[in-house]
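Some notes on the structure that comes next.
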Amino acid sequence: MSVRHRLAVVVAAAAVLSGALVGTAGPASAGPPASTFGCQPTFATLDPAGSLDERIAVHENVTATPWTDGVAHHSGVSTMSSMSSTHLESSDRWYFRSLMVRNGSLTHAMTSYPNGNPELRSTTLRQYGRGWAPVTRLVDATDRGTAVTKNGYLYALNPTAGTLARYRVVEGRSFGDLTVTSAGSAAGYGGFRGLTLAYRLRAGYAGVADVLLATTRAGALYQITISNTAAYAPKLTLLRASSWTFDQLAVVQCDSSAALLGVRTATDEASLYRVDSFAGTSSVIRGYGRFGTAPWTATSTVGSWYGMSGPSRW
């Protein structure tokens, strides 16, 4: 967890009075503390009014209603990828970045502010082509722990066309300036709904790949493994055959496990899980119940991670 997140939780009670954070912690006995769960998961959400927020789990009870920390405001966004944040010492600024479909265009949104002074935040939007309106889910696997620049693949789910497309993303010219090129498309995804990055197998190690989690309209949960070194050919592995009727999924690293949030938009409910192993139908997935007691009304729910490093395995 970042220093920023740790401080956010420590000063939460005082911050609520000043309006910096919003949230009501549930009873400590209602759910496990972060020390037992394995981490203090943080997700990012976009609400119907366009508010982009971090949802920070309560340390004493990770299933209580999370603290809400405002990041930015975006209009016209139909879906977005995970949000990464980092503090650059060279400029002493915080940066929050996400790829999103905004007004039918693929858009890179970057909000920044001077360290300790979020009132001076500014947002830069860069578009990368139109025709993205049919895309319902974006998965960004371009963030790396070894560098602050993006380099990897972006995945776009288009249920209308029945495709899962891949795009190569390189950030080589300047910070925030991306090059996005098509890198393949696979058919057979018309029945898929939720999609998120489970983890990356890092470059330089055997089996380097992007590993996604996906749900279907029929309630199945799949693992999708995509090699980074071979031709684009996603491999589907069934994890659960039924009851996973979530249309939004989000994952954050949780020590050696993964914190997984499943959202049912129709009922405004979010459920928290911990994935301890990925082994087909024998995968160990532990359910912890609802994530907060308030209605979960976010139009997009994604992972939020610090240091430009998404979920990964070596």
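The values are calculated or read from the model by the stated rules, or taken from the named source; none is laboratory data. Nothing here was measured: the structure is a model prediction, and the numbers come from that model. Every residue, glycine as well, gets a Cβ built from its backbone with ideal geometry; the counts of neighbours run over all protein chains shown. Only protein heavy atoms, including side chains, enter the accessible area calculation; ligands, DNA and RNA are left aside. Shrake-Rupley method; radii C 1.70, N 1.55, O 1.52, S 1.80 Å.
Here are a few things to note about the model shown:
- Strands (runs of 3 or more DSSP E) within segment 59-145 that include 2 or more residues touching a Phe, Trp or Tyr at 6+ places or on another chain (Cβ under 8 Å): 67-73, 83-88, 93-102, 105-114, 137-141
- Residues in segment 73-86 that are under 20 Å from ASP177 (Cβ atoms) and either open to solvent by 30 Å² or more (accessible area, probe 1.4 Å) or under 16 Å from the mean Cα position of the chain (by Cα) (or both): MET80, SER81, SER82, MET83, SER84, SER85, THR86.
- Total residues in segment 248-273, condition under 17 Å from LEU197 (Cβ atoms) and open to solvent by less than 40 Å² (accessible area, probe 1.4 Å): 13
- Restricting segment 62-71 to residues that are open to solvent by 20 Å² or more (accessible area, probe 1.4 Å) and not acidic (Asp, Glu) leaves a set whose member that is farthest from CYS254 (Cα to Cα) is GLY70.
- Of TYR199, TYR222, all but one fail to be aromatic (Phe, Trp, Tyr), in contact with a Lys or Arg (Cβ under 8 Å, 6 or more places away or on another chain) and more than 20 Å from ALA133 (Cβ to Cβ); the exception is TYR199.
- Set side by side, the residues PHE37, PHE43 differ, and just one is open to solvent by less than 10 Å² (accessible area, probe 1.4 Å), farther than 19 Å from GLY176 by Cα and in contact with an Asp or Glu (Cβ under 9 Å, 6 or more places away or on another chain), which is PHE43.
- Residue that is most open to solvent (accessible area, probe 1.4 Å), among those in segment 198-224 that are hydroxyl-bearing (Ser, Thr, Tyr) and at pLDDT below 95: TYR205
- Check on ALA57, open to solvent by less than 20 Å² (accessible area, probe 1.4 Å) and either of a type in the set (Gly, Ala, Ser) or modelled with pLDDT under 95 (or both): yes
- Search result, residues across segment 110-131 that are free of Cβ contacts under 8 Å to residues at least 40 places away in the same chain and closer than 18 Å to THR181 by Cα: GLN127, ARG130, GLY131
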